[in-house]
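Just so it is clear, none of the values below were taken in a lab; they were calculated from the coordinates. None of these values were measured; they are calculated from a predicted model. All Cβ positions, glycine included, derive from the backbone under ideal geometry; neighbour counts span all protein chains shown.
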Amino acid sequence: MFTLPKLDYQKTALAPIMSEQTLDLHHGKHHQTYITNLNNLIKGKDLEKMTLEEIIKKTSKDKSQAAIFNNASQHWNHILFWKCMKPNGGGKIPPKLEGLIKNKFGNVEKFRQEFINAGITQFGSGWCWLSINNGELEISKTPNAESPVMNNIKPILGCDVWEHSYYLDYKNKRPEYLEKFFDKLINWEFVESNI
Ligand code: MN3
């Protein structure tokens, strides 16, 4: 039985970058609904005994299991997403992660542009990611509930670009949401701890 993880910060703590109302709905309603659906869908099945990552990998390539995959993967994605933010986040990237970024992207500004651009160019609902693939950083984007986890790649940073994540605070301005997320919300110490 999966349960909603508590946030590490107050629901008012990310405002005005991410409002209390957005967190109330997004964490309390949207994320909770994925968990409720997942628990109902796996009830009495072998999947009930598996870890979340095992469920995602087992169901991701099977169209008949799409509802289970979608809810399981969204649960995983949101667990990471909440951890990737903190009050007064953004700013200086810790040295170990900064070194990997400079190796791969040249400088932090190029990395920032590429990450934000992945989120902007994800057509419709989805996610943008920073992952480690064979020891190298990699930026990617996925539609709907999908994530690199289904391909055995573990993201270290994820940003939700479904409209429920930004519409109340930014209306249609997804680029502004992504810039504020990057500059003011990312918990870089947490991201680095995932390496
Ligand atoms: Mn969401």
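General remarks:
- Hz values of 3J(HN,Hα) by residue in the range 56-73 - Karplus curve (6.51, -1.76, 1.60), Gly and Pro given as x: 4, 5, 6, 9, 5, 9, 10, 4, 6, 9, 4, 5, 5, 4, 4, 6, 5, 5
- A Gaussian network model of the chain, with springs between Cα atoms under 10 Å, assigns the largest mean-square fluctuation among LYS11, LYS45, LYS58 to LYS45.
- For ILE156, distant residues with modelled amide H under 5 Å away: LEU130, SER131, ILE132
- Pair LYS154, PHE123: separation of 7 Å Cα→Cβ label points (nm): 3.3
- Scalar couplings 3J(HN,Hα) for the range 116-122, obtained by applying the Karplus form with A = 6.51, B = -1.76, C = 1.60 to θ = phi - 60°, are 4, 5, 4, x, 5, 8, 6 Hz; x denotes Gly and Pro.
- Over the chain - Rg/Rh using Cα atoms and the Kirkwood inverse-distance radius: 0.96
- Gain on full extension, evaluated as 0.36 nm per residue between LYS171 and TYR9 minus their Cα-Cα distance, stands at 55.9 nm.
- Aspartates and glutamates with Cα under 14 Å of LYS141, excluding same-chain neighbours fewer than 8 positions away: GLU114, ASP160
- Per-residue HN-Hα couplings for the range 168-178 [Karplus 6.51, -1.76, 1.60; θ = phi - 60°; Hz; x = Gly/Pro]: 5, 9, 10, 6, 7, 8, 4, x, 5, 4, 5
- Residue among ASN151, ASN39, ASN134 with the largest mean-square fluctuation in a Gaussian network model of the chain, springs linking Cα atoms under 10 Å: ASN134
- For the chain, modelled as a GNM whose springs connect Cα atoms under 10 angstrom apart, the maximal fluctuation among THR51, THR33, THR142 occurs at THR51.
- The range 95-193: radius of gyration over Cα atoms, expressed as a fraction of 2.2 N^0.38 Å: 1.04
- Between amide H atoms placed 1.01 Å from N, distances below 5 Å from GLY126 occur with ASN144, VAL161, TRP162, all of them 5 or more places distant or on a separate chain.
- Cα centroid separation - the range 6-37 against the range 50-113, whole Å: 17
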